[in-house]
Amino acid sequence: MSELIDQYYTITEPTEGLYKEKGSKFISYAYSVTSEDEVEEKLEEVRNLHHKARHHCYAYEIGIDGNRYRANDDGEPSGTAGKPILGQLHSHEITDVLVIVVRYFGGTKLGASGLITAYKEAAKDALGFAEKKRVIIGNPYLLSFGYDQMGHVMNCIKSLDLDILDKAFTDSCEVTINIRLSEQAELIQRLKAILLEVSIEQIEEDTKVPFCKIERLDA
């Protein structure tokens, strides 16, 4: 059985980089993206910003299955631009990221190896300034309870270090938490045990917490 992948790394904010070689200037931009539409929007922004540049090469990868990616040479010799940019995404072990490298030609040809190095180093420079963040993949669960139980429930959530996605306190209390995929069954069991103040061995799969409804939202 393959290991369950339930986390990945991406970048928090856009960054820029620069590489110069024999008069050519390679300006790089790194963005966090989660869809192909966002990729097109960022490409349009950079193309408008650098409308006089000869090339706007890029690579992106989205998701964790390795199937949503693209490397584009934008007129450069095949494999000399998009591929080395994509290679930097893999080297930094990040996804949901787009890197665009704009080239202003300096009058001297760099050759295939020179271009590969230039696009690689430009992408590397932008990603070198990026702050990485870990994203946990999980399922959202809604906890519904009364105000008289709010202190107890919130303390239980805190003690298990569960991620809170949303909170709503109106006629009753509702807290949405994120349960990591690889720990889902265990954490739900532990949450029920700590809420009921019993040992985990006393918790069955169908055990209910009378004062706190636990509901998986995407079920």
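Every number here is computed from the coordinates shown, using simple stated rules; none is lab data. These figures come from a predicted structure and were not determined experimentally. With ideal geometry, Cβ positions are generated from the backbone for all residues, glycine too; neighbour counts draw on all protein chains shown.
Computed values, structure above
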item: Binned Cα-Cα distances of the chain, short to long, each 10 Å bin given as a whole percent; result: 8, 27, 21, 15, 14, 10, 4, 0
item: Crossing angle, helix 150-159 versus the chain [Cα axis fit, 0-90 degrees, rounded to tens]; result: 50
item: Mean Cα-pair separation over length for the range 7-134, i.e. relative contact order, pairs under 8 Å, 6 or more apart, %; result: 42
item: Whole-number percent relative contact order across the chain, with pairs defined as alpha carbons under 8 Å at least 6 apart; result: 24
item: Ranked Thr176, Thr34, criterion: other C-beta atoms within 10 Å, fewest first; result: Thr34, Thr176
item: Packing-based ranking, highest mean first, of 186-196, 10-20, 61-71 given that Cβ atoms within 10 Å are counted; result: 186-196, 10-20, 61-71
item: Using alpha-carbon coordinates, inclination of helix 36-49 to the longest axis of the chain, degrees; result: 40
item: Nearest 10 degrees, 0 to 90: helix 184-196 Cα axis against the chain principal axis; result: 40
item: Gained length - Asn67 relative to Ala185, 0.36 nm times residue gap less alpha-carbon distance; result: 39.6 nm
item: Electrostatic dipole magnitude of the chain [Cβ: Lys, Arg +1; Asp, Glu -1; Cα centre; debye, to 20]; result: 1320
item: Pairwise FRET efficiency - Ala168 versus Glu44, Cβ, R0 = 35 Å, nearest 0.05; result: 0.40
item: Set Lys20/Lys52; Lys25/Lys124; Lys25/Lys132; Lys83/Lys132; Lys25/Lys109; Lys42/Lys133 screened for pairs whose C-alpha atoms are more than 19 Å apart; result: Lys25/Lys132; Lys83/Lys132; Lys42/Lys133
item: Descending semi-axes in Å of the range 7-134, equivalent ellipsoid built from Cα gyration tensor; result: 23, 14, 13
